[in-house]
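Peer 1: Quick one: the structure is below, questions incoming.
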Amino acid sequence: MSEPLFKGFGDKALPFLKALDFHQNREWFLENKELFEAHLYEPLGDLVEDLIARFEKAGLPFKGDRKKSQFRIKRDTRFAKDKSPYNRHLSALLSPDGSKWTETGCFYVCVGLEDYRGCYAAVAWWQPKGELLTAMRKSIVTKPEKYRAMVEALRKNGLELRDSDRLKRTPRGFDDVTDADLIEALRNRNFVVRHAIDPGAITAPELADDLFDFALRSRPLIDWGRSIEGTLVTEVATL
């Protein structure tokens, strides 16, 4: 058996982000770039590679690349009120097609300061396109037993389906739905399960085991969304 690639983030990973939050200038970042790469960037690349290999063996649809899956530490401030040039976190996203911009049916991991994003992982159908979101809502109404079975399976796995960006009103066309749990589901813009990461545990290689276990426990959500997505693709192909 090959030795695990991921050894943990460096012990200066979070202290670096805290210092970067204070300095927020290019000169300081360039002076400390080697620290960033050794304690954050390269370990996150190792974690991505480690998880990709595990996901493939487990049949989980999360693909990516140690470099291309990582989001830049430098911020795009063109349309932001906060003009700070650097993020206070480093993150990566794995998806069915390997793109970090494909946020439907994806796995996301973030290492950051508690006052900002913190340290966590998530599996999500995030901001699905209109056709897919509508298909998900129709499935919730026409096949409530499948939706409820998915939610219950997640609950048994210690996970809660959530959306912090839920609509305040039931979307048009679903006004006749009366079941409270289905109304709540119909108001979702996103379907997400989240796993908090203890900041003190990021330097340990066991973090990869913890995240892989979380991904396995999230499978009911992924399978539910993929079944709807697959049906939608088939319907479009037959038009």
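The values are calculated or read from the model by the stated rules, or taken from the named source; none is laboratory data. Model, not experiment: these values are computed from the prediction. As a convention, Cβ positions derive from the backbone with ideal geometry for all residues, glycine included, and neighbour counts pool all protein chains shown. All accessible areas refer to the heavy atoms of the entire protein, side chains included, with ligands and DNA or RNA removed. Shrake-Rupley method; radii C 1.70, N 1.55, O 1.52, S 1.80 Å.
Peer 1: Restricting to the range 5-29, give me the number of residues that are under 21 Å from K83 (Cβ atoms) and open to solvent by 90 Å² or more (accessible area, probe 1.4 Å).
Peer 2: Residues flagged as under 21 Å from K83 (Cβ atoms) and open to solvent by 90 Å² or more (accessible area, probe 1.4 Å) within the range 5-29 amount to 4.
Peer 1: A further question follows. Is it the case, given these coordinates, that T77 is farther than 23 Å from A201 by Cα, open to solvent by less than 50 Å² (accessible area, probe 1.4 Å) and in contact with a Lys or Arg (Cβ under 6 Å, 6 or more places away or on another chain)?
Peer 2: yes
Peer 1: What residue, among those in the range 84-104 that are part of a strand (DSSP E or B) and not hydroxyl-bearing (S, T, Y), is surrounded by the fewest Cβ atoms within 10 Å (Cβ to Cβ)?
Peer 2: Residue satisfying both the conditions and the ranking: H89.
Peer 1: Can you tell me which of L60, L17 is of a type in the set (A, V, I, L, M), in contact with a Leu (Cβ under 8 Å, 6 or more places away or on another chain), at pLDDT 95 or above and closer than 19 Å to A208 by Cα?
Peer 2: Of L60, L17, the one residue that is of a type in the set (A, V, I, L, M), in contact with a Leu (Cβ under 8 Å, 6 or more places away or on another chain), at pLDDT 95 or above and closer than 19 Å to A208 by Cα is L60.
Peer 1: Then there is this: Could you say which residue among D213, D198 is surrounded by fewer than 16 Cβ atoms within 10 Å (Cβ to Cβ), farther than 21 Å from G59 by Cα and modelled with pLDDT of 95 or more?
Peer 2: D198
Peer 1: Give me the pairs: first residue in the range 198-213 and assigned to a helix (DSSP H, G or I), second residue among the small types (G, A, S), beta-carbon distance under 7 Å, and six or more apart or on different chains, which are they?
Peer 2: Listed pairs, sorted by first residue: L207/G8; L207/A201; L211/A121.
Peer 1: Give just the number: which of (1) under 27 Å from N87 (Cα atoms); (2) touching a residue at least 24 places away in the same chain (Cβ under 8 Å) does R166 not satisfy?
Peer 2: For R166, the exception is condition (2).
Peer 1: Here are T231, T238, T142: which of them is at pLDDT 95 or above, farther than 30 Å from E114 by Cβ, surrounded by fewer than 14 Cβ atoms within 10 Å (Cβ to Cβ) and of a type in the set (S, T, N, Q)?
Peer 2: Only one candidate qualifies: T142.
Peer 1: Can you name every residue in the range 53-83 that is touching a strand residue (DSSP E or B) at 6+ places or on another chain (Cβ under 7 Å) and either assigned to a loop (DSSP other than H, G, I, E, B) or on the phi > 0 side of the Ramachandran plot (or both)?
Peer 2: Passing the criteria: P61, F62, G64, S69, F71, I73, R75.
Peer 1: Given the structure, is D165 assigned to a loop (DSSP other than H, G, I, E, B) and more than 22 Å from L51 (Cβ to Cβ)?
Peer 2: Working: assigned to a loop (DSSP other than H, G, I, E, B): yes; more than 22 Å from L51 (Cβ to Cβ): yes.
Yes; evaluated as a whole, the condition is true for this residue.
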